[in-house]
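What follows is a short report on a single structure.
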Amino acid sequence: MNVLALQLDIVWENKTANFDHVRRLLKGAAPGRDSLVVLPEMFATGFTMNTDAMAEPYGGETEQFLATAREFGVCLVAGAPMRGRDGRARNKALVFSPFGELLAFYAKMRPFAPGGESKHYAAGERPAVFDWQGWKIAPFVCYDLRFPEIFREATAAHQPHLFTVIANWPVKRIHHWVRLLQARAIENQACVVGVNRVGRDPQHVYSGRSVIVDYHGEILVDAGDGEGCISSPLDLNALVKYRTDVPFLADMRS
């Protein structure tokens, strides 16, 4: 499977500008059909607490844009503030198929309380896993990365082959970002795609460092601190053989 991480500077609370920008970056990247393409957390708004104006119901304009996966023939993972049937906002990862269909969604289980996120967004209740090109894939969002127990919860239930972690992770803690992504890969014997933004919002500066990490925790490709797209092929057969040869996951305890 080919995986692409799209690292971009998000225009604050301007969905139209961000939709246009993502479309241009995708056209430039020219991903192959059936690739997995991953965008950052809240890619169309930035990390906003303005849920009254920015959180959308299902079927809203962000979902309609993400159905553009159909245009590129890819599976698309991206973050957005969404409002559920209960009226509460949640910070979600949405997954769209090459046919423009919503394949899966995940609500961030650990809202960033130090930044006030937990006052505006309800926490998700459980991990989610979807299948793509034979891979079991579990999406997570930003601050989730600091909580290995929720990754282990996903592994205990589904043994995902790949984790996607979408983020608005500030530059002052960027060294934690990279190391934690590597740790989640090693301890779960899984590949990890971490996609961060660049630029700035009213609160923080962001330096990117989107990476694709293999199941040994080795960084296959690093986006650095500029806008752009990184990609790497991932080998499911090699991952499965590694898990068979050294079956660490069989010794997990609940």
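Given the C-alpha centroids of the stretch 53-73 and the stretch 83-97, what is the distance between them in whole angstrom? Cα centres, the stretch 53-73 to the stretch 83-97: 11 Å.
Projecting the Cα positions of LEU103, ALA122, PHE43 onto the charge dipole of the chain (unit charges on Cβ atoms of Lys, Arg, Asp and Glu, taken about the Cα centre) puts ALA122 furthest along the positive direction. For a straight C-alpha distance cut-off of 19 angstrom, the lysines reachable from LYS241 (same-chain residues fewer than eight places away being disregarded) are LYS136. A simple charge model with +1 on the Cβ of Lys and Arg, -1 on the Cβ of Asp and Glu and nothing else charged puts the dipole of the chain at about 340 debye relative to its Cα centre.
What percent does the relative contact order of the stretch 1-83 come to when contacts are Cα pairs within less than 8 Å and at least six residues apart?
It rounds to 37 percent for the stretch 1-83.
The simple Förster model, with R0 at 25 Å and r as the Cβ-Cβ distance, assigns GLU149 and HIS175 a FRET efficiency of 0.65.
Placing unit charges on the Cβ atoms only, positive for Lys and Arg and negative for Asp and Glu, gives the stretch 1-47 a dipole magnitude near 220 debye about its Cα centre.
In deg cm²/dmol and to the nearest 500, what is the mean residue ellipticity at 222 nm of the chain if only DSSP H runs of at least 4 residues count, each as -39500 (n - 2.57), divided by the residue total?
-7500 deg cm²/dmol
For the charge dipole of the chain, defined by +1 on Lys and Arg C-beta atoms and -1 on Asp and Glu C-beta atoms about the Cα centroid, which residue among ALA113, ALA78, ALA156 has the Cα displaced farthest towards the positive pole? Towards the positive end, the residue furthest out is ALA113. Counting Cα-Cα pairs of the chain in 10 Å increments starting at 0 gives whole-percent bin shares of 8, 35, 39, 16, 2, 0. Semi-axis lengths, largest first, of the ellipsoid equivalent to the stretch 118-233 are 22, 18, 12 Å, with √(5λ) applied to each eigenvalue of the Cα gyration tensor.
For the stretch 62-158, trypsin sites (Lys or Arg not before Pro) meeting the loop criterion (DSSP other than H, G, I, E, B) and having at most 16 other Cβ atoms within 10 Å: ARG85, ARG88. When Rg and the Kirkwood Rh are both derived from Cα coordinates, the Rg/Rh ratio for the stretch 167-211 amounts to 1.04.
Every number in this text was worked out from the coordinates using simple rules, so none of it is lab data. Because the structure is a prediction, the values reported are computed rather than measured. Glycine also receives a Cβ, built like all others from the backbone with ideal geometry; neighbour counts cover every protein chain displayed.
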